[in-house]
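All remarks here apply to the structure that follows.
What follows is calculated from the coordinates using simple rules that are stated; it is not laboratory data. This is a predicted model, so every value here is computed, not measured. Glycine gets a Cβ as well: all are built from the backbone with ideal geometry, and neighbour counts include every protein chain shown.
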Amino acid sequence: MQTVTLKPKKEIKISVEGENISADIFSGKTEKEIHALVAWMGNQKTTIGELFSVKVEGSGPAADTKIILEGDFSRVKRIGEGMTAGLILITGNVDMHLGAKMSGGKISVKGNVDSWAGREMKGGELIIEGNAAYYLGAGYRGESCGMRGGKITVMGNALDFVGEHMCGGEIIVKGNTGILPGLSNNGGKIVIGGNTSRPGSEMSKGTIIVNGKVEEMMPVFKLEGDEIVDGVTYKKYTGDVIGNGKGLLYVK
Amino acid sequence: MELLIKNGAVVDPVNGNKGDKTDISIKDGKIVKTVSSKATIIDAGGRLVMAGGVDAHSHIAGAKVNVGRMMRPEDSRSGISPRTKITRPCTGYTVPNVYAMGYRYAQMGYTTVFEAAQAIMKARHTHEELEEIPIIDKGALTLFGSNWPTMDFVREKDMDKLAAYVSWGLLASRGFGVKCVNPGGGEMWGFGKNVTGIDDVVPGFDVTPKEIIVSLMKVNEMLGLPHSVHLHCNNLGNPGNYKTTLASMELANQVKASKKRQVMHVTHLLFNSWGGTNWGDFESKADEVANFLNNHKNVTGDMGQMIFGSATTMTADGPKQYANAKLLHAKWSNGDVELEDASGVVPIYYVKQISVHAIMWAIGLELALLTKDPYQMLLTTDHPNGGPFVNYSEVIALLMSNKKRQEEIKTVHEAVHAKNKLPGLDRELDFSEIAIMTRAGTAKVLGLLDTKGHLGVGADADISIYDIKPDQIDPTVEHAKIKSAFSSAAYTIKGGNVVVKDGQITATPLGRTYWVDAKVPQQHHDEMMKDIVKKFKNYYSMQLANYMVQDEYLTHQQVVKAGIIPAEVN
Ligand SMILES: [Zn+2]
């Protein structure tokens with residue numbers, strides 16, 4: 001078992017590329033080696049050691065590595081990018097692209113996450129106790145597949161375009177979401193506990209379940225009647241009918 | 001500046017060299033008989049030396065290419081490398097940025113590349129990009145197949161006016177040759193329709209694709225252009241289209257070549273050699289197409305080989321691209337060039353386990369293996385339609401090694417066993433045949449064999465050296481080494497400058513842009529211009545005065561003279 005604790009040495013005002021903060025990269029490394037890892041700050045090349053204090057206990061493979069991020073990481077992007085195993089615990093907020101492209105392991109955040117968290121994620125788990133911003137579990141610009149596997153849970157709210165271009169996996173938002181969750185979906189499941197507006201649209205596959213209020217419906221879904229899912233009765237819609245889509249939308 | 005390449009195993013089919021140790025002398029950017037003792041010496045150490053690669057069909061610059069970049073930011077992210085002291089930053093895989101186009105071709109040992117389709121109206125954009133592509137020499141073929149003036153003059157059977165229009169269109173676009181894409185189809189797409197064969201009548205113009213193709217071939221030869229008509233057949237991408245392809249190639253017999261080359265080049269034949277009637281009974285007819293070529297020396301073709309993985313289809317064939325986007329549920333961009341053409345861009349991902357893709361992949365290889373004369377079947381991937389050009393080394397290795405093909409066949413959909421002849425083909429190409437498909441043949445088809453595609457005295461000093469010793473390697477077995485060597489040249493020399501060493505760019509001189517200045521009798525030009533002026537007055541949304549590409553757009557131009565009036569000798 002290896003535990004690595006990072007704390008910012010001073011307030012970070014310019015965004016930092018944190019793709020090297022990952023269990024795969026930290027595992028088996030000494031404090032000195034982690035210090036030397038590159039971390040770009042804006043257009044300046046710097047190191048993890050320059051920006052953060054690093055404490056390492058024990059050593060182990062990625063699956064047995066725990067990273068604890070204490071303090072303010074709200075300007076650190078791409079944490080856990082491409083991670084395949086291990087655990088990251090974040091006590092505060094983080095910047096964009098948390099856990100992007102991760103395929104395994106677990107990231108848990110006490111605070112809020114900025115846009116694109118879990119983008120193009122293939123596996124593993126993301127647990128966000130606060131709120132998520134835009135494009136949670138979506139595909140980045142131009143990408144035809146967003147999230148492909150794994151699970152994202154948000155205890156709070158999320159902003160617009162949750163799971164855009166999603167092709168697999170599961171996103172659960174306990175609170176409300178912004179407009180167009182599940183836009184252009186081609187698989188996977190989105191469960192919204194609270195309210196949203198204009199869910200779906202351009203869906204070819206995939207499932208969206210809304211337990212709160214849908215403020216506005218896109219006129220591209222066909223009402224199929226009532227259906228009971230997990231003991232709850234929903235109105236079941238299919239669409240997007242314009243593209244002959246087979247997406248499922250359940251509204252309470 | 002003088003350079004001497006010693007101890008190279010030179011493969012130069014034009015000059016009959018099959019790998020003998022031959023020294024090559026270079027002076028002032030040309031290959032010469034001898035150099036002085038002051039020449040810089042490169043010791044090739046028995047490694048393979050060929051003329052710089054020449055690509056006769058690729059999409060490297062212009063409106064479509066840039067639309068591909070705009071609609072595929074995810075592609076741009078896939079090929080990023082930062083700037084160095086001498087190179088600019090690179091992006092992209094299927095639609096690289098302009099710098100990457102030049103660097104990556106040079107890194108493969110290619111020194112000349114032709115953009116295969118520019119609309120006259122969009123030519124300024126093409127040349128803006130060509131000007132920024134480093135190192136390689138280049139040029140662009142101009143689209144004439146669906147232009148209103150073309151169809152008017154074809155209907156009026158006025159070959160003098162059509163020749164004058166082609167001559168003027170080449171000047172207006174600073175184009176190198178006549179490209180004809182789905183003739184008539186581009187116009188019909190403006191009304192949501194397409195032509196299905198070469199005998200369909202284009203409404204409003206009362207001409208058929210057959211008449212357009214034959215007329216363009218006639219004026220191409222009247223003008224004595226270096227390259228022949230370059231045809232993208234009607235019906236491309238539809239099962240059963242091989243019949244249209246054969247009927248189109250048959251038209252070549254109606255016209256006599258004005259030069260020692262083909263009268264028709266049919267491009268990316270992989271997409272035109274399809275049997276069956278739908279995607280279910282889809283099968284290869286590469287054997288029929290190759291058989292035609294084996295019996296008709298006046299037609300050449302190129303493979304348009306498919307590469308598994310990401311590609312971006314882009315073509316002036318607008319209706320085809322709409323069908324593709326619907327079929328694939330993919331992103332789609334449509335373009336309309338007023339009075340001239342249509343276009344479309346659609347990303348695609350070719351998958352080994354999809355039967356249609358596997359059959360297509362095998363068709364490309366069959367074309368190359370069943371066409372006896374490599375001068376008639378050039379190596380292309382129709383970049384980026386079949387796949388990005390950086391994969392040429394993969395195609396070379398497949399053509400040189402049946403072992404590699406059999407290994408690949410095991411990984412693709414089993415349909416290739418029933419629908420293709422590839423599994424039973426044991427032909428393995430040698431270095432000379434590869435040199436023809438990538439250098440001598442491409443240069444000959446383009447009409448540039450005097451200075452490109454070979455290593456004889458007087459040729460441009462465009463040379464590539466690959467890290468393999470032909471007398472010590474068995475390409476049929478060591479295909480991995482072949483692939484790696486052809487993907488990254490040990491040396492690329494462009495115009496006498498070392499531009500690549502050990503796969504790394506060492507210098508970035510700007511190459512030249514070739515275009516053809518074809519003169520016609522003044523009276524024909526004046527008659528034709530009356531029609532053009534009328535078209536601009538009545539239909540074009542721009543002024544004639546703003547239409548022509550000016551000299552400012554070509555800072556390093558290489559003008560090739562042609563035309564009905566013999567060009568004066570300067
Ligand atoms: Zn093409």
Looking at the range B:79-89, can you tell me whether even one residue there is closer than 13 Å to B:SER310 by Cβ and within 14 Å of another protein chain (Cβ to nearest Cβ)? yes
Per the filter on the range B:60-69, residues touching a strand residue (DSSP E or B) at 6+ places or on another chain (Cβ under 8 Å) and either within 13 Å of chain A (Cβ to nearest Cβ) or assigned to a helix (DSSP H, G or I) (or both) are B:ALA63, B:LYS64, B:VAL65, B:VAL67, B:GLY68
Residues that are on the phi < 0 side of the Ramachandran plot and crowded, with 19+ Cβ neighbours inside 10 Å, drawn from the range B:267-281: B:THR267, B:LEU269, B:LEU270, B:PHE271, B:ASN272, B:SER273, B:TRP274, B:GLY275
Taking the range B:40-85 as the search range and keeping residues that are surrounded by fewer than 18 Cβ atoms within 10 Å (Cβ to Cβ) and either among the small types (Gly, Ala, Ser) or within 16 Å of the ligand (Cβ to nearest atom) (or both), which one is nearest to B:MET108 (Cα to Cα)? B:SER81
Which one is nearest to the ligand (Cβ to nearest atom) among residues in the range B:235-274 that are in contact (Cβ under 8 Å) with a residue 40 or more places away in the chain and of a type in the set (Gly, Ala, Ser)? B:GLY237
Under the condition of being in a loop (DSSP other than H, G, I, E, B) and of a type in the set (A, V, I, L, M), which residue from the range B:86-102 is nearest to the ligand (Cβ to nearest atom)? B:VAL95
Considering only the range B:396-438, give the helices (runs of 4 or more DSSP H) lying wholly within it that have at least 1 residues that are free of Cβ contacts under 8 Å to residues at least 24 places away in the same chain. B:402-411, B:415-419
Looking only at the range A:192-214, decide whether some residue is within 14 Å of chain B (Cβ to nearest Cβ) and aliphatic (A, V, I, L, M). yes
Here is a list of conditions, (1) at positive phi; (2) within 16 Å of the ligand (Cβ to nearest atom); (3) within 14 Å of chain A (Cβ to nearest Cβ), and B:PRO347 meets all of them except one; can you say which number that is? (1)
From the set of residues in the range B:375-394 that are assigned to a helix (DSSP H, G or I) and either within 16 Å of the ligand (Cβ to nearest atom) or more than 26 Å from the chain's Cα centre (by Cα) (or both), which is surrounded by the most Cβ atoms within 10 Å (Cβ to Cβ)? B:TYR392
Could you give me the residue pairs with C-beta distances under 7 Å whose first residue belongs to the range A:233-249 and is within 14 Å of chain B (Cβ to nearest Cβ) and over 10 Å from A:SER201 (Cα atoms), whose second residue is in a strand (DSSP E or B) and of a type in the set (Val, Ile, Thr) wherever it lies, and which are 6+ apart or on separate chains? A:LYS246/A:THR238
Going through the range B:106-120 in order, the residues found to be buried (at least 24 other Cβ atoms within 10 Å of the Cβ), away from the ligand (no atom under 16 Å from the Cβ) and not small (Gly, Ala, Ser) are B:MET108, B:TYR110, B:THR111, B:THR112, B:ILE120
